[in-house]
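The values are calculated or read from the model by the stated rules, or taken from the named source; none is laboratory data. What you see is a predicted model, and the numbers here were worked out from it, not measured in a lab. Cβ sites come from the backbone with ideal geometry, for glycine too, and all protein chains shown count toward neighbours.
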């Protein structure tokens with residue numbers, strides 16, 4: 001007997017999750033819910049074609065209309081929220097009411113804390129809710145946990161990750177693989193890392209460095225962006241000395257972001273221009289968005305984690321590297337796979353009873369070894385070296 005799954009919000013990453021449910025999750029049914037029925041129908045048709053069976057069906061639904069959504073999701077074993085993060089607390093309460101497991105693609109640590117406050121209720125309902133799944137936050141944290149598990153006494157974990165076009169084109173050398181609101185949100189505000197064992201605030205677009213990767217990637221830029229570690233700095237505070245995350249881009253991209261930042265184009269407070277109120281970030285989205293949007297992007301996603309500490313009483317380091325590319329066979333981008341499959345892996349493990357009950361932070365939901373085992377089962381090339 002299989003399971004009933006649902007995706008609320010059938011964007012790119014949700015499509016990847018739905019495919020994974022059908023391929024690896026023993027799915028009897030996958031309900032694709034979207035406010036745009038045509039988009040849901042297109043997604044369902046794609047999933048059914050890829051899987052070679054009629055398992056996905058489309059339903060029109062609004063994530064903010066919980067009474068309507070309750071009827072749609074009744075009887076579902078596990079679902080993923082692929083909608084904007086303000087909806088996730090309400091969807092968590094709905095999951096508790098329905099007795100259904102839930103994961104989401106997150107995007108805001110304060111919202112995650114609001115969900116974590118419902119831990120006791122979710123535990124009492126016998127369900128698992130894991131916020132902030134995806135590529136980063138999500139898989140990047142799971143790989144950091146895996147790297148630390150390879151050592152006896154880890155002291156630190158440093159993460160570098162990014163999604164890039166395989167064929168970079170000037171002047172931006174970048175193409176979006178997810179929503180521009182999420183992209184610019186990463187470039188603004190502050191990140192929270194561990195420094196000397198304590199949670200410490202760092203400004204986004206700081207901490208510049210270069211990192212070398214195998215060709216054809218070569219040397220990449222790395223810098224701090226916000227939100228990539230979710231709640232993990234607080235979870236590991238006092239347990240390890242250092243935890244950091246940096247975003248990877250092709251050379252030359254960083255200085256353009258700095259210029260936008262210095263001009264105030266990431267700001268959300270309206271300013272007056274010619275007698276009209278204008279939001280600087282809206283202007284940036286309108287001008288930059290079309291320049292870095294490519295519906296046919298062939299992308300490459302890179303993750304590297306290095307953990308240092310002790311193993312067998314000796315100084316040691318564990319390095320994890322994952323490089324994934326657009327998949328021609330399925331038409332799924334690397335960003336879709338890394339984001340969507342991390343969430344679906346945890347959602348599948350939840351219905352199988354392999355994740356703790358309650359609302360669980362992503363860094364504590366599943367061991368790093370289990371995530372890597374499941375990722376390799378799906379064809380991800382994850383390499384680890386302990387020295």
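Computed quantities for the displayed model
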| quantity | calculated |
| --- | --- |
| Helices (runs of 4 or more DSSP H) within region 115-195 that include 1 or more residues at pLDDT below 95 | 180-186 |
| Members of region 352-380 found to be within 18 Å of the chain's Cα centre (by Cα), farther than 19 Å from residue 232 by Cβ and in a loop (DSSP other than H, G, I, E, B), listed by number | 378, 380 |
| Residue match in region 206-219 (condition: crowded, with 20+ Cβ neighbours inside 10 Å and in contact with a strand residue (DSSP E or B) (Cβ under 9 Å, 6 or more places away or on another chain)) | no |
| Subset of region 374-383 that is touching a strand residue (DSSP E or B) at 6+ places or on another chain (Cβ under 8 Å) and surrounded by 15 or more Cβ atoms within 10 Å (Cβ to Cβ) - its residue that is farthest from residue 142 (Cα to Cα) | 380 |
| From 174, 192, 187, residue being within 18 Å of the chain's Cα centre (by Cα), assigned by TED's automatic domain parsing to the domain that holds residue 217, in contact (Cβ under 8 Å) with a residue 24 or more places away in the chain and more than 20 Å from residue 232 (Cβ to Cβ) | 187 |
| Residues (touching a residue at least 12 places away in the same chain (Cβ under 8 Å) and out of contact with any strand residue (DSSP E or B) (no Cβ under 9 Å at 6 or more places or on another chain)) located in region 63-92 | 64, 66, 70, 74, 84, 86, 89, 90 |
| Set 300, 371: member being under 21 Å from residue 216 (Cα atoms) and either at pLDDT 95 or above or surrounded by 15 or more Cβ atoms within 10 Å (Cβ to Cβ) (or both) | 300 |
| Segments classed as strands (runs of 3 or more DSSP E), wholly inside region 237-298, with at least 2 members that are more than 28 Å from residue 158 (Cβ to Cβ) | 271-273, 276-278 |
| Residues that are surrounded by 24 or more Cβ atoms within 10 Å (Cβ to Cβ) and part of a helix (DSSP H, G or I), drawn from region 74-90 | 88 |
| Positions within region 1-12 being touching a helix residue (DSSP H, G or I) at 6+ places or on another chain (Cβ under 6 Å), crowded, with 19+ Cβ neighbours inside 10 Å and either at pLDDT 95 or above or over 15 Å from residue 87 (Cβ atoms) (or both), in sequence order | 3, 5, 6, 7 |
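Every residue, every condition in (1) in contact with a helix residue (DSSP H, G or I) (Cβ under 9 Å, 6 or more places away or on another chain); (2) part of a helix (DSSP H, G or I); (3) outside the structural domain of residue 75 (by TED's automatic domain parsing), yes or no:
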site: 20; (1), (2), (3): yes, yes, no
site: 31; (1), (2), (3): yes, no, no
site: 46; (1), (2), (3): yes, yes, no
site: 49; (1), (2), (3): no, yes, no
site: 57; (1), (2), (3): yes, no, no
